[in-house]
Structures are given as structure tokens and as C-alpha cells.
Amino acid sequence: MHNILLLGSGGREHAIAWKLKQSSKLNKLFIAPGNAGTAQCGINLNCKATDFEAIKSFVLSNEITMVIVGPEDPLVAGIHDFFLADTQLKNIPVIGPQKLAAQLEGSKDFAKAFMIRHNIPTAKYKTFSLENLNDGFSFLETLKAPYVLKADGLAAGKGVLILHALEEAKAELSNMIANAKFGKASAKVVIEEFLKGIELSVFVLTDGKSYKMLPAAKDYKRIGEGDTGLNTGGMGAVSPVPFADEKFLKKVEERIVKPTISGFVKDHMPYKGFVFIGLMNDHGEPSVIEYNVRMGDPETEVVIPRIKSDLLDLFEGVATQTLDAKNIKIDERFATTVMLVSKGYPEDYEKGKTIKGLDKVAGSMAFHAGTNFGKNNTEILTNGGRVIAITSYGNTMDEALKKSFQNAETINYEGKYYRKDIGEDLRTLS
Ligand code: AMP
Ligand code: GLY
């Protein structure tokens, strides 16, 4: 029986907590810091996911037997290494890669070099910094529009620019490198070939030697309907992805997943956790846009509900490197999620609005993304740009979406907004 500490505070963590709560192997579940939704599944702690010392003292005083890391920041900051280096913590498994492999998300240059080294299909690229900025301008001249510029480091999902004019691309390159447009994150910039096609995300759980493919998902990144306006963390998701048929997913597994996992072994890069592979599908040919070293949000809110197997049992397989002996069962049904956000998101928005109607949600699950309790602990308030992800199952995508949209109307708070076109594009593609 496990006492689990789950790190994070979003819809992803609520979905993981919801699933862990169903495990026959769970004794106690704590979430740091969690939100009003995770409080339904376990006990929230007032502790940041990056406060390693506070995490250590909690883990030791509460007989925690496993730590599960939701977001990337603690991984990139080396939480797993911190545990391994501490005599009291080193035998407590951490689900999430060590710092070395976390660079697959923390540095675009590192990720591209890994893909090239292991023959994993991806866009051609070169990396530039202040020393060779002029070479960067020359490299741009050899490419055709649109131009893709990526800040090397973590830039809160904002570090990618896609530009249509050469002069604009040169100006932005210099802005990123010389004027620190994204701070230290853009001291190095990856310039890469533009990939055509349609995006999807593939998720893998690995113990560093073997792996299990999890359901694929499509997320909706832009704030506006018809995929317009600013980029967000994600406004909704659908799984399975109708255009990612068995043949396509087999190609992904052979050409991308297998060389990725064997790349970890060859490069002596320990990896226990989730791998999120952002892919472009160009007429049935997959190539990698990016790796993340965690689950996606809101993709988790459709991927986790489709896993029928005991998640904690799978995590035990990851921790003890016996994942190959585990079976994973996937629900055949569709799962869809629709994200309710705050007015103004992804720019400035107000928090603290009372959320009503949560108790009236029927036929869907309301995963909390950004919520907390009001003063008397009875009210639930908005506490983020993304507020609630409404996930539903259906035998068809439309059946699932219909329930999510219905419940999107059931929940109310001042300034509520959501995209009403989630899944729309998939209908014409499939
Ligand atoms: P990333 O931060 O790497 O996920 O990039 C953000 C978004 O930019 C991706 O989700 C894609 O929509 C787009 N993007 C990134 N790289 C490319 C590329 N080489 N070609 C086309 N679109 C891209
Ligand atoms: N939804 C995209 C992400 O989690 O990065």
C-alpha cells in the first residue's frame, strides 16, 4: 500500500489524483499544492512543487512511498536527482525523469541533438547564440518562409515564433538573442524548417528500458474558435485522434518511440516517467515537433480517463523497472475535454470569482485546473486562467462532446469562456 505525494496544481494533477484514488494499492494521497478539485481525492499541502526542502521534510515525516511529479519545473530543477543524492530519500521512487533527460524539455537544442543522434524524424535545424548571430541571419536566408524560431530554454510555452517574412525573422532572431526577448531562455535560439501537416500528441510511460504506449490525443492551443488568436496552455482535447489510425501509430512507435527509449539507454540517460511527444502528421508521415518530460494539460484529462488499468500498479512497474511485465488496458470509448477559462486569458485575467453549478454536473467529470476554496471553505473560487476541464466519455466523439458542452453551460462564474469548436476539425478529417 502506498502513501503518495503528487506534485502540481492543475487539471492534469486532478485527473491523476482522481485515477490514483481508484487504486487498490493506495493508502494515502497528498497533493502539493493541489487545488479545490484535488482536495476531493486526497489532502492538499501548502507547499510549492519546487520547494525541495519542504517536500523532503513532508516525505520523511509522513512515510511517503512514492512521489509523482506533474509539471516540468521540478523535473528540470532536478527533484529526482535531489532524491537520489539524499541518503534518507534515495529509496523513495520518483515518477519523472532526472535532470539530464529533463533537458529534452528544458533545452530545444538538447532535444534536437538527441533526435538527430538517434535518427528520429524531425525538422532540420541549427542553433545560434550571440557568438554566431550573423551565421543565423545567413541560415535564415537559405530557408523558405515561414521561419520557425525557438528559444532554447523554458519560456512558459511562449518561446516559439513562426514568421512569414525574412526581415521580420532576422529582427526577431536578434531580439531573442541580443535583447533577451525571453530572458535567458533565448540566449540560444533553434531555427528550424517549417513542418506542414496536422499536430497530435502521443504519450508513453517508460521505466527507462521498456515502455507502454498510452492513448494519443489532440489538443486545441489557440484561444479563439477556428484556431485563431493567442496561444494558451490548451483549450480542450480529444482522444483517440480519428486520423491517427493503427497504421500511423505503428509508424510512430517504430520510428519514434522505440528509438527514443533505446536512445535513453544508449545515452545513459535514466528515464522513469511520462514522455510526451508532440508530432506533426504530414500525409501519414510522422515527425517530432517537441518532447515534454511530463503529461500534457489538458491532454491528461482525456488520456488518463481512458486508461483502465491501475495507474499505481503501472507506476510500481516504472519504479522497479518491471513495466514490461505489466498489462495496460485502454477504454475503447472517446474521451473529450472542454476547458472553461477566465475572461482575458491568456493575457491578464481576474481571479476569485465564485463558481456555481459544480454539484449539478451530470454525465461528465469536472477536473479543476485553477480553483481554490473561499474563506469559509464551502465556496469554490476561480484561481487561474484555466479553471475547469469538463471531461466526458462517448461511443463517438460527438456523443462525448455533447455532454462536455452541456455541462460547460451547467457551470457558471463571472467571465466564463470556452471554445465551442473542440473536435470540429477532426470531423472533416476523419
Ligand atoms: P513547441 O513549443 O515546440 O510546442 O511549439 C509551439 C507550436 O509551434 C507547436 O505546437 C506547433 O504548432 C508550432 N511549431 C513548432 N515547431 C514547428 C515546426 N518546425 N513547423 C511547424 N510548426 C511548428
Ligand atoms: N497542452 C500542451 C502542454 O501541456 O504542453
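The values are calculated or read from the model by the stated rules, or taken from the named source; none is laboratory data. As the structure is a prediction and not an experimental result, all values here were calculated from the model. Ideal geometry is used to build each Cβ from the backbone, glycine not excepted, and the neighbour counts take in all protein chains shown. Only protein heavy atoms, including side chains, enter the accessible area calculation; ligands, DNA and RNA are left aside. Shrake-Rupley method; radii C 1.70, N 1.55, O 1.52, S 1.80 Å.
Overview of values
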| read-out | value |
| --- | --- |
| Mean shadow area of the range 262-412, taken as a quarter of the surface of its Cα convex hull (nm²) | 12.6 |
| Kirkwood-type radius of the range 201-261, with distances r between different C-alpha atoms, in Å | 13.1 |
| Value at 222 nm in deg cm²/dmol, rounded to 500, when DSSP H runs of n ≥ 4 in the chain each add -39,500 (n - 2.57) | -7500 deg cm²/dmol |
| Point-to-point label distance, VAL265-ASP348, nm (Cα→Cβ direction, 7 Å offset) | 5.4 |
| Distant-in-sequence amide H partners of ALA216 (H built 1.01 Å from N, under 5 Å) | VAL241 |
| Rounded to 5, the percent of DSSP beta bridges in the chain classed as antiparallel | 80 |
| Rotationally averaged projected area of the range 156-265 (alpha carbon convex hull; nm²) | 9.1 |
| Kirkwood hydrodynamic radius (C-alpha pairs) into Stokes-Einstein, the range 52-151, 20 °C and 1.002 mPa s, D in µm²/s | 131 |
| Accessible area of the range 27-94 belonging to carbon and sulfur atoms, whole % at 1.4 Å probe | 48 |
| Residue list for the range 14-43, given a label point 7 angstrom along the Cα-to-Cβ vector of ASP51 and an amide N cut-off under 14 Å | 31-34 |
| Residue-span extension gain [ASP421 to LEU166] - 0.36 nm each, minus C-alpha spacing | 88.5 nm |
| Semi-axes of the equivalent ellipsoid for the range 7-86, Cα gyration tensor, largest first, Å | 20, 14, 11 |
| Over the chain, relative contact order from alpha-carbon pairs under 8 Å, at least 6 apart, % | 16 |
| Overall Cα dimensions of the range 384-430 - principal axes, largest extent first, Å | 36, 18, 14 |
| The chain - convex hull of the alpha-carbon atoms, volume per residue in Å³ | 144 |
| Tail beyond 18 Å, pair distance distribution of the range 271-356 (Cα, percent) | 66 |
| Placed amide H near ILE380: partners under 5 Å, 5+ positions off or other chain | ILE355, GLY374 |
| Cα convex hull volume per residue for the range 1-43 (Å³) | 49 |
| Ordering of 237-247, 158-168 by burial proxy (mean other Cβ atoms within 10 Å per residue, highest first) | 237-247, 158-168 |
